[in-house]
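Read the structure below first, then the notes.
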Amino acid sequence: MSVEQAVEALKGVPTFEVLPDEALRILAISAEEVGLRAGEVLFRTGDAAEEGYVVLGGRLELVSERPNRRRRLCELLPGALIGETALLIPGARPATARALETSRLMRIPRPLFLRMLAGFPAAAAPLRDLFAARVTETLGALETLRVERLVPPPKSAAPD
């Protein structure tokens, strides 16, 4: 894949659309292309999250794997960013990513992403705003769930 093609692929990722072309070019030049065969695992639940991946082609699934329980969370298509949080902070993978068919991904290590942000500090503010909006939205959704589970259903009125 050429650098220009990689930049265009990165422009199609919602998280990266706030970045200038020069920043995307840095990511495109230094990122590594990864190939997976159908059924191959990209990472497992609990693995160290040290990079993000952009799906360039194919399909992957994210699966929650808990003891005695396996649940498919979502399917990832070209343009999806896997491990967005891992681009900024260390942590553990919350799910397993597995290729559903032959797939190509762009691997963006955290140090590369952070160097890019250091070189383009103006890009950090729109990304911060984007992440803050997502966290706020997620917390609002979690609060709704918490309230629904903590508030007991109304009792029917007992006859006097």
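Some points to look at:
- Nearest-ten-degree value, helix 21-30 long axis tilted from longest Cα axis of the chain: 80
- Taking the chain and dividing mean pair separation by its residue count, relative contact order in percent (alpha carbons under 8 Å, at least six apart): 27
- Loop-exposed trypsin sites (Lys or Arg not before Pro) per DSSP, neighbour cap 11 Cβ within 10 angstrom, longest uninterrupted part of the chain: 38-154
- Extension reserve of the residue 141-residue 34 stretch, reckoned as 0.36 nm per residue once the Cα distance is removed: 35.1 nm
- Couplings 3J(HN,Hα) for region 81-88, derived from phi with the Karplus relation 6.51 cos²θ - 1.76 cosθ + 1.60 (θ = phi - 60°), are 10, 9, x, 3, 4, 5, 5, 10 Hz, where x marks Gly and Pro.
- Placed amide H near residue 51: partners under 5 Å, 5+ positions off or other chain: 110
- Surface/4 estimate of mean projected area, convex hull on alpha-carbon atoms of region 8-86, nm²: 5.8
- Candidate values (1) 29, 19, 12; (2) 35, 22, 13; (3) 26, 19, 15, label of the one derived for semi-axes √(5λ) of the Cα gyration tensor in Å: (2)
Each reported figure results from applying straightforward, stated rules to the coordinates on display, with no laboratory input. Keep in mind it's a predicted model, so treat the numbers as computed, not measured. Positions of Cβ are generated from backbone atoms using ideal geometry, with glycine treated the same way; all protein chains shown enter the neighbour counts.
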